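The values are calculated or read from the model by the stated rules, or taken from the named source; none is laboratory data. Remember, it's a predicted structure, so these values are computed and weren't measured experimentally. Ideal geometry is used to build each Cβ from the backbone, glycine not excepted, and the neighbour counts take in all protein chains shown. The protein model used for the area step is the full one, side chains on, heavy atoms only, and it has no ligands, DNA or RNA in it. Shrake-Rupley method; radii C 1.70, N 1.55, O 1.52, S 1.80 Å.
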Amino acid sequence: MESTKKITGALISVYYKDGLEPIVRKLHEENVSIYSTGGTQTFIEGLGIPVIPVESMTSYPEIFGGRVKTLHPAIFGGILHRRNLQSDLDQAKQFNIPVIDLVIVDLYPFEETVASGADHQSIIEKIDIGGISLIRAAAKNYNDVVIIPSVNQYAEFLDILNAQGASSTIEQRKHFAKKAFMVSSHYDTHIFNYFNEEETPVFKQSILESQSLRYGENPHQKGWFHGDFSAMFDQLHGKELSYNNLLDVDAAVQLMAEFENNDPTFAILKHNNACGLATRSTLAQAYADALAGDPTSAFGGILIANRKIDLATANLINDLFCEVVIAPGFDADAEEVLKSKKNRILLVQKKVELPKRQFRTLLNGVLEQDKDMLSETAANFESKTNSVPTAQEVEDLIFANKLVKHTKSNTIVLAKNGQLLASGTGQTSRVDALRHAIEKAKSFGFDLKGAVMASDAFFPFPDCVEIAHNAGITAVVQPGGSIKDELSIDYCNANGVAMVFTGNRHFKH
């Protein structure tokens, strides 16, 4: 079986024509017959290169507003007939079917049209029928046909043309066939998800952009990031991000989204949890107070701000070894200071809508859930005790409750005056989480008198409110919902502690 094959006939029908001209010129130079339709035909004719209209092959014009152009045996026969099977060759000759050894297609931009907010009918018209069929047909017959399935493969194919003329190897044809089925499956996945308004319980996701990572969570594991990182960040400086960096960056971005519209706020994260966070009148003071929350854990952490980083803040940051600094921007002098450490990663975060679904692989399948989009305000607080929180305590309860939502369960968060004092994260016991948080806060010199406590789930017993009260905490926010809620309420009433319920649990496993 012949491995290298000459290209003699090419069908070109594309949406995006950027980068197409040199391919067309090279094919013409190599005496390849070019067949085309509609706008692509007009484009090729505009280059002064002869092109054979598909209508002359099918004896049918484009019909139904261009919905039907290439769907004809003369076209698909030219692609699908097997060159090593005499009966196929005889039928091709009998029905005057041309030889098409190259198909170049770029599909209607369905995904982009949906993202643009177009109306339903405009979206429907961007469901490509002929193009997707051409891709599948040519890919199926990769033994004889080269398929270039999108604008993203134009440059790679042009390199092959320039290197070896109008010919291809079986390895190259199989490579492009694989790309073709990736394109077609991705396209169909996005069409299905658009139609899946009733949310049929089926897992279908597709992301074309991918990058290899140095390794996974540990050096002996391989790792990849599937997504368009550059759409969300501009990396100004530093080394390549690792798997663990990306986990922390995600946690940082999700957390800071809660404080996007607040006064200057700075957070420091380690292992996906905040070890410091503060809101202040200046970003430099917010950073200083975030760092004070746990200067030990901050070493090697991920830093994120909700404001452009200025020189004063940069000078403070520069004294800390940290992996990544994320902000909406950096003043020029601040950027120069932070670039003084060659491996420090600087990321400018762009405004991008984040997915509203979350996925996690486990066992032999995938878990899927809605993202936790709920963030309580004072209007969601239901006072359950005789004492009610002061205005400052309400602000701190909102602040602490946002942190609880983004901290590993079981968790307790202690806060005061817009500053994270400490948290107990990922404990198997809520009492242990509270004790850990109290011990940690005291170890860094914080006075817990007048502080508030937030819990990601209800208290089944009054032990937590008792421990918190004895440490000086004066207000508590929790979901409520335990059959023994009254025990905690009674303790708070007897000891002058204010407690509010939200009715919403925020587990994060």
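Is it fair to say E258 is at pLDDT below 95 and open to solvent by 10 Å² or more (accessible area, probe 1.4 Å)?
Details: at pLDDT below 95: no; open to solvent by 10 Å² or more (accessible area, probe 1.4 Å): yes.
No, not satisfied.
Can you name the residue in segment 467-509 that is at positive phi and in contact with a Ser or Thr (Cβ under 8 Å, 6 or more places away or on another chain) and is also least open to solvent (accessible area, probe 1.4 Å) among such residues? Filtering first and then ranking leaves G480.
Residues that are modelled with pLDDT under 95 and closer than 26 Å to L303 by Cα: list the strands (runs of 3 or more DSSP E) wholly contained in segment 339-394 that include at least 2 such residues.
Working: elements: 345-349, 357-362, 365-370.
In segment 339-394, the matching strands (runs of 3 or more DSSP E) lie at 357-362.
Considering segment 128-157, and only residues there that are among the aliphatic types (A, V, I, L, M) and surrounded by fewer than 17 Cβ atoms within 10 Å (Cβ to Cβ), the residue that is modelled with the highest pLDDT turns out to be A155. Of everything in segment 38-52 that is closer than 16 Å to I100 by Cβ and outside any helix (DSSP H, G or I), the residue that is most open to solvent (accessible area, probe 1.4 Å) is I52.
When S423, S409 are screened for being within 31 Å of the chain's Cα centre (by Cα), assigned to a loop (DSSP other than H, G, I, E, B) and either closer than 20 Å to E258 by Cβ or aliphatic (A, V, I, L, M) (or both), only S409 passes. Residue count for segment 53-103 under the criterion of being of a type in the set (A, V, I, L, M), in contact (Cβ under 8 Å) with a residue 24 or more places away in the chain and not in a helix (DSSP H, G or I): the result is 7.
Between E439, E466, which is modelled with pLDDT of 95 or more, under 30 Å from F266 (Cβ atoms) and of a type in the set (D, E)?
Details: E466 fails: under 30 Å from F266 (Cβ atoms).
From the options E439, E466, the qualifying one is E439.
For first residues located in segment 320-343 and in contact (Cβ under 8 Å) with a residue 12 or more places away in the chain and more than 24 Å from D250 (Cβ to Cβ), partners that are surrounded by 15 or more Cβ atoms within 10 Å (Cβ to Cβ) and among the basic types (K, R) and lie 6+ apart or on another chain with Cβ distances below 7 Å form the pairs D331/K308.
Considering segment 426-454, and only residues there that are in a loop (DSSP other than H, G, I, E, B) and small (G, A, S), the residue that is farthest from A475 (Cα to Cα) turns out to be G426.
Conditions tested, residue by residue: (1) acidic (D, E); (2) surrounded by fewer than 19 Cβ atoms within 10 Å (Cβ to Cβ); (3) more than 16 Å from the chain's Cα centre (by Cα).
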site: I326; (1), (2), (3): no, no, yes
site: K341; (1), (2), (3): no, yes, yes
site: R344; (1), (2), (3): no, no, yes
site: K351; (1), (2), (3): no, yes, no
site: P355; (1), (2), (3): no, yes, no
site: L362; (1), (2), (3): no, yes, yes
site: Q369; (1), (2), (3): no, yes, no
site: E376; (1), (2), (3): yes, no, yes
